[in-house]
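Accompanying notes for the structure given below.
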Amino acid sequence: MAGTRSARGGAGRPRAAVRPAPRHRWKEQPMTAPLTADAHEYGLAGDGTADDRPALQELVDVLGDATAEDGRPRTVRVPAGRYVIRNEPVLWRSGVSLIGAGRGATCFALSNPGAPALPVPLAWFTTAQHGAGPDRHIADVTFAHFEIDGLGVATEEYEVLAKGLGLQYVLRGRFSDLYVHDTAATGFGCDFLQDTVVEGVLAERCGRQDPGEEMGGAGIGIGVGGWGPVERLAVTDCTARGNGTNGIFLELQQDDWVPPRGIRITACHTEDNRYGISDWGADGLLVTGCSMLGNHVAGFDVSAQGTTSVGGRGGLVTGCVIDGNAGDGIALGNTPGPYGFHGNRVSNNGRYGYWEHNLAGGDQEPATDIVLESNDIHDNALDGVRVDAPLHEPAIVGNRIRGNGRRAAPRTAGGGEGVRCGPLSLTDARADWLPGGHRGKELTVGGGPGGAEVTAVVTAVVTDNTATRLTLAPVRPGAGTAWPDGTPAPGTAYRLPDSPAPRAGLTAAAAVTHPYVQGNRVRDDGHPRTQIHAVWIADEATWTGGRVSGNDFSGNGSASTRFDSAPTGGRWRDNAG
């Protein structure tokens, strides 16, 4: 499954439950099974109390046998109701579809009170448990128009298979209009999807038992690579909010597999997850028209954080809004390249707009042919573009990189009268902070007198601020508060650190060879100007060859360029400022 190698053994196959006799008496020959079956007519109660899993399993088996016999896919129609799936998932069959009456009308409530060590997805079919593979797959299935409530599943230890849906090797599948929420691990956790569409899936508060450091725990997590070099998959019009790790991620499941092409993510919204959208091993991923807002670490991520430590490559991100993430807007690393970002808005993020970096354990070679073109990169807390890992022949063309370095307020402290904390805020009526000047800082609260007592020390991340009010990130995705142990008392002491300097539109702090930087407007028209330089080449960097021409570097807080390490070779000409 996504978040664990497909060849690994996960949890063992759950022990069989005793099945009550279904209300419908099946005819002896499977070929008599109907093409469309009403769930109520075949033993499912939907009353929120009875265990509907045995009847659903028998129905799926009979319809699956019939489909195998005559080649005609079947459909289970599930009327409005709350259907309990208890202690064991349903082993799914090829050619059997599950269609509800709509989100909020048809709900499958998952629970495991009698099997606390076992995961209970609604439906599963996996390599490790069932021998799924390219030659033993599920085909011609639709899952549509229902809700999966995973709040009733709690395993003794975190279990990556405790998903809402957990299918592997699906051919010609369609997953449409699903609402998956509060699962212990990933909500929609299906891998190796060929000629498949995932559309209109809403995943909220999934990864409930994931502390943020385990595999899985996403809203939508899709393992890739099992079908070979091309996997034709479209993920469109989906929303992922408040999930434990990623909103949406793609993850190569074996490090000796070829990263697959053919995957598209379009018109999706990710918010309040650790990461918005992550590419952990695809090739040529297309991400178009998506919004990645208020995620805790990064809006869009390419890195070695996946199971196989393989970053994506060859992708294109176009026309997206990547705004207000507590960490970075775009974080890219552990990739050989290429990768392109075109026509995106990357703004108001709590650290860098774009950050090139490498994590330990992944690919460390220079990324080649990284392209930043026609993006609007503005009002980020630190540098607009920060290079902390080697780049070879990058192209930075036609971007507006303006008004970054907003984290410009000096250190401060306070407490006592006028200080009040809300679930996601701290207000000091006597403060006069630079608006946005504490963006991305770590706020420390407590350790001083709070009322009549000395309070415990807690920290929170500032996402933005006005002159008197700090807005804070939730303590974890999906939480409604920044405070792990309750809102601090009025008057509690607080402190904020100083701001780093310098802060530039474009900073190179690693080896950059043969760059092409042309036609960019890198300036700050704000008051005060917080983007100190247009270009800063740090002491640890090397800048070799290439061309820097036709840029507007005027109007920053100080000198347009700062060379702690002088560039060598190449051509710098016709740059204003």
Checklist entry - Regarding Val297, is this residue surrounded by 24 or more Cβ atoms within 10 Å (Cβ to Cβ) and at negative phi? => result no
Checklist entry - On the given criteria, is Ala501 open to solvent by 40 Å² or more (accessible area, probe 1.4 Å), under 23 Å from Gly436 (Cβ atoms), touching a residue at least 24 places away in the same chain (Cβ under 8 Å) and under 33 Å from the mean Cα position of the chain (by Cα)? => result yes
Next on the checklist: Take Ala389 and tell me if it is farther than 16 Å from Ala509 by Cβ and either open to solvent by 10 Å² or more (accessible area, probe 1.4 Å) or touching a strand residue (DSSP E or B) at 6+ places or on another chain (Cβ under 9 Å) (or both).
Outcome noted: no
Item to check | Residues satisfying the stated conditions in region 201-247, i.e. among the small types (Gly, Ala, Ser) and not in a loop (DSSP other than H, G, I, E, B) | outcome: Ala203, Gly221, Gly223, Ala234, Ala240, Gly247
Item to check | Count - residues of region 397-430 that are open to solvent by 20 Å² or more (accessible area, probe 1.4 Å), touching a Leu at 6+ places or on another chain (Cβ under 8 Å), within 23 Å of Arg351 (Cβ to Cβ) and part of a strand (DSSP E or B) | outcome: 2
Checklist entry - For region 252-294, which residues satisfy the criterion of being of a type in the set (S, T, N, Q) and either touching a His at 6+ places or on another chain (Cβ under 7 Å) or crowded, with 24+ Cβ neighbours inside 10 Å (or both)? => result Gln253, Thr270, Asn273, Ser278, Ser291
Next on the checklist: Restricting to region 439-450, name every residue that is modelled with pLDDT of 95 or more, of a type outside the set (A, V, I, L, M) and over 25 Å from the mean Cα position of the chain (by Cα).
Outcome noted: Thr444
Checklist outcome for this item: Of the residues in region 136-185, those that are open to solvent by 20 Å² or more (accessible area, probe 1.4 Å), modelled with pLDDT under 95 and of a type in the set (A, V, I, L, M) come to Ala154, Val160
Checklist entry - Are any residues in region 324-348 touching a Lys or Arg at 6+ places or on another chain (Cβ under 9 Å), farther than 19 Å from Asp363 by Cβ and open to solvent by 30 Å² or more (accessible area, probe 1.4 Å), and if so, which ones? => result Asn348
Checklist entry - Which of the residues spanning region 300-322 are of a type in the set (D, E, K, R) and either at pLDDT below 95 or open to solvent by 10 Å² or more (accessible area, probe 1.4 Å) (or both)? => result Arg313
Item to check | Test for Ala381: is it open to solvent by less than 20 Å² (accessible area, probe 1.4 Å) and either free of Cβ contacts under 8 Å to residues at least 60 places away in the same chain or under 24 Å from Glu540 (Cβ atoms) (or both) | outcome: yes
Checklist entry - Can you tell me which of Asp149, Asp210 is touching a His at 6+ places or on another chain (Cβ under 7 Å) and within 25 Å of Thr270 (Cβ to Cβ)? => result Asp149
Checklist outcome for this item: Checked Ala50, Ala66 against criteria (assigned by the TED database to the domain that holds Leu167 and closer than 20 Å to Val120 by Cα); the one match is Ala50
Checklist entry - Checking Trp572 against (1) open to solvent by 70 Å² or more (accessible area, probe 1.4 Å); (2) outside any strand (DSSP E or B), which test does it fail? => result (2)
Checklist entry - Does region 186-199 hold any residues that are surrounded by 24 or more Cβ atoms within 10 Å (Cβ to Cβ) and over 18 Å from the mean Cα position of the chain (by Cα), and which are they? => result Phe192, Leu193
Checklist entry - Residues of region 364-376 being under 20 Å from Thr542 (Cβ atoms) and either assigned to a loop (DSSP other than H, G, I, E, B) or in contact with a Pro (Cβ under 6 Å, 6 or more places away or on another chain) (or both), which ones? => result Gln364, Glu365, Pro366, Asp369, Ile370
Item to check | strands (runs of 3 or more DSSP E) completely within region 257-362 that count 1 or more residues being in the same structural domain as Pro515 (by the TED database) and among the hydroxyl-bearing types (Ser, Thr, Tyr) | outcome: none
Item to check | Test: Arg82 is open to solvent by 40 Å² or more (accessible area, probe 1.4 Å), at pLDDT 95 or above and in a strand (DSSP E or B) | outcome: yes
Checklist entry - Ser565 versus (1) at pLDDT 95 or above; (2) in a loop (DSSP other than H, G, I, E, B); (3) open to solvent by 30 Å² or more (accessible area, probe 1.4 Å); (4) of a type outside the set (Val, Ile, Thr): which is the lone unmet condition? => result (3)
Checklist entry - Has region 217-235 got any residue that is of a type outside the set (Gly, Ala, Ser), farther than 20 Å from Gly133 by Cα, in the same structural domain as Gly306 (by the TED database) and open to solvent by 10 Å² or more (accessible area, probe 1.4 Å)? => result no
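Here is a list: Glu373, Glu453, Glu393. Which entry is at pLDDT below 95 and among the acidic types (Asp, Glu)?
On the way: Glu373 fails: at pLDDT below 95; Glu393 fails: at pLDDT below 95.
Unique residue meeting the criteria: Glu453.
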Item to check | Condition broken by Arg439, with the remaining ones in (1) of a type in the set (Lys, Arg); (2) closer than 21 Å to Arg274 by Cα; (3) surrounded by fewer than 19 Cβ atoms within 10 Å (Cβ to Cβ) satisfied | outcome: (3)
Checklist entry - What about Arg5, is it touching a Ser or Thr at 6+ places or on another chain (Cβ under 7 Å), at pLDDT below 95 and surrounded by fewer than 20 Cβ atoms within 10 Å (Cβ to Cβ)? => result yes
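The values are calculated or read from the model by the stated rules, or taken from the named source; none is laboratory data. These numbers were taken from a predicted model, which means no experiment stands behind them. For neighbour counting, all protein chains shown are included, and Cβ atoms are generated from backbone atoms with ideal geometry for every residue, glycine included. In case anyone asks, the SASA skips ligands and DNA or RNA and just uses the protein heavy atoms, side chains included. Shrake-Rupley method; radii C 1.70, N 1.55, O 1.52, S 1.80 Å.
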